[in-house]
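K.L.:
Okay, here's the structure, questions in a sec.
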Amino acid sequence: MNQQTCSGSCATGAIPRKRFAGNIGFVVLAVPLFGFIAFVLYLVFYLFQQGIGVLSWRFLTQPPTAGMTEGGILPCIVGTATVTFISLLFSVPVGIGSGIYLAEYAPNNFLTRLIRSSVRSLAGVPSIVYGLFGVALFVSAMKLGMSVLASGLTLGLVNLPWIITTSEEAMTAIPGSFREGALALGSTKWESIRRNVLPYAFPGILTGVLLAVARTVGETAPILFTGVTYYARQLPTSLSSKFMALPYHLFALATQHDQVAKTRPIAFGTALVLLVFVLAFDTLAFVLRMRVARTNTWQV
Amino acid sequence: MNLRKTVDRSVKSAFMVNAVLSAGVLLGILVFLGLLGARLFRDVSPVRFFFDTVWNPDAYGEPRYGLVPLLVGSVVTTLLALVVAVPVGIAGAVFISERMKGWGRVALKTVVELFAGFPSVVLGFFGLVVLAPFISRLFNVPSGLNLLNAGVLLALMALPTIISVSDDALRVVPQSYREAAYALGATPWQTAMKVVLPAAKSGILAGTMLGFGRAVGETMAVLMVAGNAPIIPKSLFDPVRTITATIAVELGETPFNTSHFFALFALGLVLFVIALATNLIAESLIRREKRSFTL
Amino acid sequence: MKRLVSIIATVALAAQGFAGEVMVKGSDTMLNLTQRLAEAFSNAQPDVTVSITGGGSGVGINAITNGEVDIANASRSIKSKEIATARANGVNPVEIVIAIDGLSVVVNSENPVKGLTLEQVGRIYRGEVKNWSEIGGPNRKVSLYGRQPSSGTFVFFRDEVVKAEYSAAMRQMNGSSQIVEAVKADAGGIGYVGLGYLKDATGVRAVPLSKDGQEFVSPQDEAKVKAGRYPLTRPLFQYTSGKPKGDAKAFIEFELSPAGQKIVEEEGFLPVTSDYQAKNRAILQ
């Protein structure tokens, strides 16, 4: 059934006074919401204002010097990028695979419902619990030690449920006629998926990956005990290296560095860079989603 | 043709195994936490763990592993956050769902969702450098690192979840409900408050539960601003220590396979069970709401 | 999937020890000192990476026990229980002293208290003194700030001064610099931090301490501290698994060299005294 959104102007026959009172009601509801939004904007603006003074090409491409009171945050950016990349190497293939199964193959039975419920529950598991699991499994049991690999795998587990959910949604959005057309022409099920569904679902899947990246770069708890470090002069050179990371750098500068006055601007700069990364990936995802919505003529 | 068929069948099996293993991570986490956490009970009785009011693993005297101050810390900060976030969130969701349409609604929802991905360490940093001195000055208390600060930050983190899920719950209410109300002469406001909102109440409750789950599992922000004294708070301005902060602080310093190590996994298990329970309850509430619309 | 991960693990293990990498972990008190030493060392030897992490002395000792790091920073000495655990893991901890610290008790700069005995400080931190007026200060509530149990400073201070459990109301900060910031913002605040954290601190002052009530010594009085008259002097340790070798040994030797000890003094700490120097030399032979 066509769900038209219809409010406000659809109401007919309402006495003007009642409608006025109603409108006041909605305004009252909106005030806290807009208050919240205003606060968020203030927060972003404040971080921007405090951090922009430090931002420069040097800041982004130099390592910290002079006891981390000067220089830049290059190792943090590289570390965050590396560990996020490793996490995607694991979670994207596994996540898309699971999404394909759930969208295309899974019968409507108890096992499928269990899988879906498990995936949704995994999305709600606190990130520190993933950190615990990562220490027990990757650092200790699999003897990877504290390394960028262990952290990457732990983060991979963290963003796996998000990728599964968005991949499944992207594929379910493709109408059945796409598959049926291919099957009618004699392709196997997998061929019909590979040729007639995946390419069209790809933008939606990519949106999901971008959103997952946006949230992964800000995650601190999973990397705390699996590999991040306060200071390392060189960039990570092997899978077993320790690494610096943007969110941990912010935490460390705020709570452990001894020269607060000198490092406070750097901390703000780090927060701003982190925020910019998050917003950039979120925006990319949003733009992609809008483009997909516009070009998908099969969507009503 | 046979090759294609074989490929087709094996691909299906591969994907199925893939999906089962992914979901199996949940079981894996439960098993690891459960096995490691249970080993605590070889040295410490479960009764002492669950009911002791002191958490002091590195004590001068005998170590004590009491869950109570940490559980109270987690629950109280979360409830405080919800006291603010739930009314604001539901009100906002009603506004977005029932009053806004088109680009206005999209814009509002986008802003709300953007904030959902806000890194918690940045929020914690803000709480540390701006909110703490502000609280200290405004209420004339010695320190702004306390329950109140943590509660405010958690409210900010839970709001996007509550708004999002409540909005979904409201949108699922069939249009026919609204149309029937309009036909009887109701204004949009009356429709929203007396017809739509009550119809969506299960889903909205689900949103609250998911907000609870989000807040109770939050680590970095509370670690930076809650004051981290493992006591049962008696006022808004007392410091407090949550389960998440405890794990984050102590995991690094405990050698593998000691009582303290197992105790941290026991804490993790408690946290995991709470998060899992809230998620499952929320899911069933959402299902219940959707079912109530199919006669 | 498990097979794939174990392949990755093998590759990772093989890749270990590729670059000259020295991993240091532990004491928050020594964190910034070691970071600056690492920076200077890397300038001299660019092909060796020294990576530093904090977390507290307990974290460092734990890490060396697990074989995760090359050097553990600790602002307290390793406990016999920890030595036993390490040996059970095949690790034989060897102790080196790289600097001397005068653990300082800090109060807000508005607090006029002239000096405190260790016994008084102990009472304050046990929660027995709730208002500054009880010990000759202004009428203001006492706010306790301290570290977390993973901190060597926490343990050292408790064992030497508090001699019992800390008051449960003590706020456990995430690092010494957070203690300084907190006491700076709180007129009734009191905290304990290593000397290095006083270096550029504003808004707080270190309280002269006395063991017996007769002689009150400020931790910033270098001559008296060097003469051993400050009651809370403590060595700052580094532990390695067995005698230090290779890049780790080179780094430690740098720390103990004149250039390294100069950095120690610049950071506000005291250079290693001659008796520890002799012990270090014996180990590094």
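K.L.:
Taking the condition touching a helix residue (DSSP H, G or I) at 6+ places or on another chain (Cβ under 9 Å) and buried (at least 24 other Cβ atoms within 10 Å of the Cβ), does C:S109 pass?
P.N.:
Answer is no for this residue.
Rundown of residues vs (1) free of Cβ contacts under 8 Å to residues at least 60 places away in the same chain; (2) of a type in the set (K, R), yes/no style:
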site	(1), (2)
B:K194	yes, yes
B:P198	yes, no
B:A215	no, no
B:T219	no, no
B:P230	no, no
B:G252	yes, no
B:P255	yes, no
B:T258	yes, no
B:A266	no, no
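K.L.:
If A:F277 satisfies every condition in (1) within 14 Å of chain C (Cβ to nearest Cβ); (2) open to solvent by 10 Å² or more (accessible area, probe 1.4 Å) but one, which is the exception?
P.N.:
For A:F277, the failing item is (1).
K.L.:
Being modelled with pLDDT under 90, open to solvent by 10 Å² or more (accessible area, probe 1.4 Å) and more than 23 Å from B:G37 (Cβ to Cβ) narrows it down to one of B:T208, B:T294, B:T258, B:T187, so name that one.
P.N.:
The conditions single out B:T294.
K.L.:
Filter the range B:88-129 down to the residues that are within 24 Å of B:P198 (Cβ to Cβ) and facing chain A (nearest Cβ under 7 Å), then identify the one that is surrounded by the fewest Cβ atoms within 10 Å (Cβ to Cβ).
P.N.:
Here the residue is B:K101.
K.L.:
Which of the following residues is more than 10 Å from every other protein chain (Cβ to nearest Cβ), over 30 Å from A:I223 (Cα atoms) and hydroxyl-bearing (S, T, Y): B:S235, B:S176?
P.N.:
Going through B:S235, B:S176 in turn, the sole match is B:S235.
One line per residue, one yes/no per condition, for (1) over 30 Å from A:N296 (Cα atoms); (2) outside any helix (DSSP H, G or I):
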site: A:L210; (1), (2): no, no
site: A:I223; (1), (2): yes, no
site: A:T237; (1), (2): yes, yes
site: A:H249; (1), (2): yes, no
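K.L.:
Of (1) modelled with pLDDT of 85 or more; (2) open to solvent by 10 Å² or more (accessible area, probe 1.4 Å); (3) among the small types (G, A, S), A:A267 satisfies all except one. Which?
P.N.:
(2)
K.L.:
Considering only the range C:92-103, how many residues are crowded, with 21+ Cβ neighbours inside 10 Å and either outside any strand (DSSP E or B) or over 17 Å from the mean Cα position of the chain (by Cα) (or both)?
P.N.:
1
K.L.:
Related question: So how many residues does the range B:238-254 have that are of a type in the set (D, E) and in a helix (DSSP H, G or I)?
P.N.:
2
K.L.:
Being surrounded by fewer than 24 Cβ atoms within 10 Å (Cβ to Cβ) and under 23 Å from the mean Cα position of the chain (by Cα) narrows it down to one of C:N131, C:N66, C:N139, C:N89, so name that one.
P.N.:
Just a single option satisfies the conditions, and that option is C:N66.
K.L.:
Sticking with this structure for a sec: Kindly state which helices (runs of 4 or more DSSP H) lie completely within the range B:1-117 and contain at least 3 residues that are touching a residue at least 40 places away in the same chain (Cβ under 8 Å) and more than 30 Å from A:F281 (Cα to Cα).
P.N.:
Filter on the range B:1-117 gives B:2-38, B:68-98.
Yes/no matrix, rows are residues, columns are (1) open to solvent by 40 Å² or more (accessible area, probe 1.4 Å); (2) more than 8 Å from chain B (Cβ to nearest Cβ); (3) touching a residue at least 60 places away in the same chain (Cβ under 8 Å):
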| position | (1), (2), (3) |
| --- | --- |
| A:L88 | no, yes, yes |
| A:P93 | yes, yes, no |
| A:I100 | no, no, yes |
| A:T112 | no, yes, no |
| A:V119 | no, no, no |
| A:L122 | no, no, no |
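K.L.:
Okay, next question. Of all residues being in contact (Cβ under 8 Å) with a residue 12 or more places away in the chain and part of a loop (DSSP other than H, G, I, E, B) in the range A:251-264, which is surrounded by the fewest Cβ atoms within 10 Å (Cβ to Cβ)? Just the residue, please.
P.N.:
Applying the filter and picking the extreme gives A:Q259.
K.L.:
Search the range C:179-197 for residues that are facing chain B (nearest Cβ under 10 Å) and open to solvent by less than 10 Å² (accessible area, probe 1.4 Å) and pair each with any residue that is in a loop (DSSP other than H, G, I, E, B) and among the polar types (S, T, N, Q) when their beta-carbon atoms are under 8 Å apart and the residues are at least 6 apart or on different chains.
P.N.:
C:D186/B:S143; C:G188/C:N111; C:G189/B:S143
K.L.:
Does any residue of the range A:193-211 turn out to be under 25 Å from A:T154 (Cα atoms), among the basic types (K, R) and open to solvent by 10 Å² or more (accessible area, probe 1.4 Å)?
P.N.:
No, that holds for no residue.
K.L.:
Another question, if that's okay. Please work out if B:A81 is modelled with pLDDT of 90 or more, of a type in the set (A, V, I, L, M, F, W, C) and crowded, with 24+ Cβ neighbours inside 10 Å.
P.N.:
The answer is yes for B:A81.
K.L.:
Quick check: anything in the range B:153-170 part of a helix (DSSP H, G or I), acidic (D, E), within 21 Å of B:I281 (Cβ to Cβ) and modelled with pLDDT of 90 or more?
P.N.:
The answer is yes; a qualifying residue exists.
The values are calculated or read from the model by the stated rules, or taken from the named source; none is laboratory data. Source: prediction; values computed, not measured. For neighbour counting, all protein chains shown are included, and Cβ atoms are generated from backbone atoms with ideal geometry for every residue, glycine included. The accessibility values were calculated without ligands, DNA or RNA, using every heavy atom of the protein model including side chains. Shrake-Rupley method; radii C 1.70, N 1.55, O 1.52, S 1.80 Å.
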